[in-house]
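Asker: Following this message is one structure expressed as structure tokens.
Please treat every number below as a calculation from the coordinates, not as lab data. Everything quoted here is computed from the prediction, not taken from an experiment. Ideal geometry is used to build each Cβ from the backbone, glycine not excepted, and the neighbour counts take in all protein chains shown.
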Amino acid sequence: MNLEEIKKLLPHREPFLFVDTVTKLEENRIEAYRDIRPDEFYFKGHFPGYPVLPGVLMVEAIAQTGTLLVLSKQGNRENKKTLFAGIDKVRFRHQVRPGERLLLSATLLGAKTGIYKLQGWAHVGEELACEAIVMGALRD
């Protein structure tokens with residue numbers, strides 16, 4: 001799935017769209033990539049002289065990736081809003097720097113009545129950078 005196809009599913013747009021391409025889309029699992037570009041808006045302040053991807057943006061990237069999985073399964077997904085409903089068991093394990101590539105993956109743990117639960121990971125190469133359980137809500 002390329003960027004234009006991603007934009008057909010996700011309501012997010014630049015500079016707050018954190019998925020560049022989807023490489024695997026299965027029944028309950030998805031894999032995607034995000035290239036961390038040196039000119040990202042947040043590096044000016046996080047941190048000057050030592051730019052690091054903010055951890056909350058890794059969680060956001062995981063959530064967007066998982067939401068793509070959920071929305072790809074929806075029959076009626078036009079104008080759906082996607083909102084955080086919860087974030088659990090977040091752990092940051094590796095710093096992510098400009099020029100690195102995040103492999104984002106998520107597994108659907110369950111869904112009912114517009115609420116879904118995912119387990120997700122962000123890796124840089126073989127290094128686990130972040131893991132989280134994310135709950136989201138789909139709203140009209």
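Table: residues versus (1) part of a loop (DSSP other than H, G, I, E, B); (2) among the charged types (D, E, K, R).
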position	(1), (2)
Val52	yes, no
Val56	no, no
Val59	no, no
Leu68	no, no
Gly75	yes, no
Phe84	no, no
Lys89	no, yes
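Asker: Let me ask another. Can you name the residue in segment 97-124 that is in contact (Cβ under 8 Å) with a residue 24 or more places away in the chain and at positive phi and, of all such residues, is surrounded by the most Cβ atoms within 10 Å (Cβ to Cβ)?
Answerer: Gly114
Asker: Looking at segment 25-76, which of the residues that are surrounded by 11 or more Cβ atoms within 10 Å (Cβ to Cβ) and small (Gly, Ala, Ser) is nearest to Met1 (Cα to Cα)?
Answerer: Among them, the one singled out is Ala32.
Asker: Let me ask something else about it. Would you say Asp140 is within 18 Å of Phe18 (Cβ to Cβ), surrounded by fewer than 18 Cβ atoms within 10 Å (Cβ to Cβ) and of a type in the set (Asp, Glu)?
Answerer: No: the conditions fail for Asp140.
Asker: Additional query: Test Phe84 against the criterion of being farther than 24 Å from Met1 by Cα, in contact with a helix residue (DSSP H, G or I) (Cβ under 7 Å, 6 or more places away or on another chain) and either in contact (Cβ under 8 Å) with a residue 60 or more places away in the chain or among the aromatic types (Phe, Trp, Tyr) (or both), and give yes or no.
Answerer: Considered against the rule, which asks whether it is farther than 24 Å from Met1 by Cα, in contact with a helix residue (DSSP H, G or I) (Cβ under 7 Å, 6 or more places away or on another chain) and either in contact (Cβ under 8 Å) with a residue 60 or more places away in the chain or among the aromatic types (Phe, Trp, Tyr) (or both), Phe84 comes out as no.
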